[in-house]
1. So what are the ³J(HN,Hα) numbers for segment B:302-318, from phi and the Karplus equation (6.51, -1.76, 1.60; θ = phi - 60°), rounded to whole Hz, Gly and Pro as x?
2. Can you return the aspartates and glutamates within cross-link range of B:Lys562? Criterion is Cα-Cα under 14 Å, with same-chain partners fewer than 8 residues away left out.
3. What's the carbon and sulfur percent of segment A:37-148's accessible surface, probe 1.4 angstrom, rounded to a whole number?
4. Normalised by the residues of chain B, what does the relative contact order come to in percent, with Cα pairs under 8 Å and at least six apart?
5. Given a 1.4 Å probe and no ligands, DNA or RNA in the count, how much accessible surface is buried by A and B, both sides, to the nearest 100 Å²?
6. 7 Å from Cα along Cα→Cβ at both A:Met146 and B:Arg404: what's the point-to-point distance in nm?
7. Work out from phi, with θ = phi - 60° and the Karplus expression 6.51 cos²θ - 1.76 cosθ + 1.60, the ³J(HN,Hα) of each residue of segment B:131-141, listed in order in whole Hz, and give x for Gly and Pro.
8. Out of the GluC sites (Glu not before Pro) in segment A:54-145, which ones are loop residues according to DSSP with at most 11 other C-beta atoms within 10 Å?
Amino acid sequence: MFLPHNNLRVGGFVLGLALFGLSCDGGLAPANNDSPAILSGTIMYSGTWPDVSEVQDLRFVALRFVPEDTADFLQLNRLEASNSLRYGVQSDTFVIRNIEPGLFPFNGVARRKTADLLSWSPLGLYLANDGIIELDAGDSIHVEMMVDLDNPPDFP
Amino acid sequence: MKLAGFLIVILLPTLNPVAAQGFRIEGIVTSQSGTPLPGAHVFVEDRQIGAVTKNDGSYSIELGLSGQVTLVCSVVGFERYEVSLTITRDLVHNIQLRERWIRSEEIVVSASRRPRIATSVPSSVSVISAETIQQQTVISLDDALRNVAGVQVQGNQINIRGASGFAYNTGSKVLLMIDGAPVLSPDSDGLPSSVLPSDRIERIEVLKGAGSALYGSSAFGGIINVITRTPNDKEFVVETDLGAYGRFRHDEWRAGWSGSTDLRYFAGISTSIAGSLGGRTRGWLSFSARTDKGYRNLDESRQLQAVGKVVFRRGGSLSGDVLAIVGGRRADSFLFWAGINDPLSPGTIAISQSDEPSGSADNSTNRVILIPTITYQLGQAWYVQSQTRLLASAIRPIDSQGNRKSLSDGTLGFRVGTSVQLNHIRRTRHHFTTGLSIDANSTNSTFFVTSNGDAIGRQPEGSVFGQWDYEISRVSATAGLRFDSYSIDASETVSKLSPRLALGYRLLENTTARVSVGTGFRVPSLAERFTDNQEFFPIFRNLSLRPETSAGIEVGLRSSRKMSFALLEVDAAAFWNRYDNLIEPRFVRSLAGSDSSVFGFQFINLDEGTVRGLDLLTTAHVGSALKMWAGYTLLDSENAATGEALPYRSRHMLKAGGTYVAGERWTVGSDVRMISSPETIDTDFSRFVPDASTFVPIRVVDLRVGHMRRKADFFFTIKNVLDYYHVERPAIIAAPRTFTLRSVFRLNGLND
């Protein structure tokens, strides 16, 4: 006869075993412990600014990928963006802090052309070092770039 | 006379009860040894009348009829009791039950719109009892549903057997009802976090599979029916909850939010008073207040709620009840995290111009729900039931200074409807139900741009339905048919016919096979169709969105067997559902704009999908002291167009639990959930939200202890005792280890 109290012991053993097995894995954890990097830069503008109505927002963006078209560009999770830059100036600076280290193969100044949050396109690309910015843990890198407002880069 | 009664039902749904007549059956339910049995179901078969025995085993049933009735009593661990009584006056009828190891004979109303023994229903249905709600210190509806086999909880969204993915707070594919009345207003972003104070809930029924043949559109993915307590004798109950969230163990996470090291507590109190209001009128009234500091930044909430229920009998034929809920809630809504390295802070969309986090929205919500129900007995074989529902909700955003904005910046929604249901009982095994239902819905939201170009969405609906239940010898059969018609903003009318056929066959004394086939559908919610906004994400309306439809079959086997040491119950079901025009959000190029560079989210119809799977639930009763259960659900879903699994469906779900009753005063128990990560997720969402594709398997263990005294009960739970970090929905981390102490004080009542 399998008495209830024996069954309880077995149940307790099984539960204990399950708890032990489950406790081996704590679930989600921070992705990595690398020190964040800092990217700063100076932007020099030349040429004629587009009408202010066509520059709803202006930022330096560093992409972790090379976009194929506008839709592909809109992977906001895979880019770092500065605060809004100033319109109509000859030069400006930016600082982006707390960047997860990595390789950024496509970088530049982008504008939002309309009120639509996603109507972004590049106004000028960072071309030094083949356009690549590489940030290692704890790096603080300063870049300089020119933006020819009369000749924005082609973009699909 | 019958016509007059019928008119009363239609025209006077809020009839004021006065000194009533009619008869009452009351008594005490005990074991053979004379021990009072609390929690036993005593009901009049095939009528909407019944009661659950109190702590002293007493029950009291107000009858709205006279003549011959069949009184049934059932409780786990004892043989079913059935007696035929002739009612000509008030009656005292004590019941003595014979102990045996027997399967649970819970009562459900959701499967047939009338009370039936759960095990006799040829459908898959789960019942969460009041006892379980207390033992698990359930506070919110999702809390209660987490431990139901086959149910996947995604925050305030519920997915039953893979019928829905993650809907981004734009609607529910599961119908939520309170006492049989639909209570999801058109502006609902999902299931409300707190429907009722837990001590006012009698049970929660979960009907798995499409219920459109009885309940229409919203029941596409299943039904959750919260049954409130029936007022009995004088009672005064004070229930308090005190709890705290544990501290996350990762330094990096705590560093992102200074508040994470503070005591993150929650507390609630509800007081309920019940008693006679004179004559045959009884009622209860409950006030509750709750505050929750939250375990994430900008995730606090406060809530005040008043709930009341009045039940009355008038004459021998008329009875009814009125449930009223008035509440206000002020809460931050944590929408998405800042990333896996900072999951306790709401995120910000990288290129948004707002300085405020986009991943949190602060709102003030006021709701009113009124549900009067009247039942009129038209002789021995007929009764008619009329139910009216009035829902109103006002949601106002709160600005960064903590001030409520104008209602014109928020959402105002109404739902007013009524249904009339006629029931015919021919002998006791033959039941026919038919009725009609009409509802008017209207929502004014700043997020909407309707087909008229304004912000007011309307979706009136009407339906007729019928269901025939037949039980004879070894066979039980159910055939249902419902016709629904929805008008969407006066621009389009959608009509659907939803049939369902179910058969049960008793193979052996304790073994029943069942098979059911049926269809379901769901009209797009107003939010899915009309939301057109750029505030959080760019979302475009889709006026051409079509209803999603389903067709499915379920084959099941239910069996119980008495072993030498335990009674084993097994319920196995295999199901296959085909879905057409499934509604899912996608990142698309705008169809409305002329600028081809405009992109955003839009709810679209997928072509086709299938979900097939297996539900296996095993329960073991070892004596009357130990109950253990385990449920496993296998889901195999496929998007017919891509061949991939449908998003946010977990392939494997294993849930288990056990409760040991030590003597008369102590219970200890545990609940375990192990759920695999979704096979696919919506990659479009991950474009904007950091680490939104991050999922891990869910492995959660809850522990609980209860101590029952004569005038007070205490329940202590540690949820997620292993402090296992996971997400249920994208980019929102679930609660860490959480401690809750619930105290229930009965300051007056039958125990005195």
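The values are calculated or read from the model by the stated rules, or taken from the named source; none is laboratory data. Worth saying up front: this structure is predicted, and the values here are computed from it rather than measured. Cβ coordinates were reconstructed from backbone atoms using ideal geometry, including for glycine residues, and neighbour counts include every protein chain displayed. Ligands, DNA and RNA are excluded from the accessible area calculation, which covers all protein heavy atoms including side chains. Shrake-Rupley method; radii C 1.70, N 1.55, O 1.52, S 1.80 Å.
1. So the Karplus estimates, Gly and Pro as x, are 9, 8, 10, 8, 10, 10, x, 9, 10, 10, 9, 10, 9, x, x, 10, 9 Hz.
2. B:Glu79, B:Glu99, B:Glu509
3. That share works out to 45 percent.
4. The value is 11 percent.
5. When A and B are taken together, about 3500 Å² of accessible area is lost.
6. 6.0 nm
7. 4, 5, 4, 6, 4, 8, 6, 5, 10, 10, 5
8. A:Glu68
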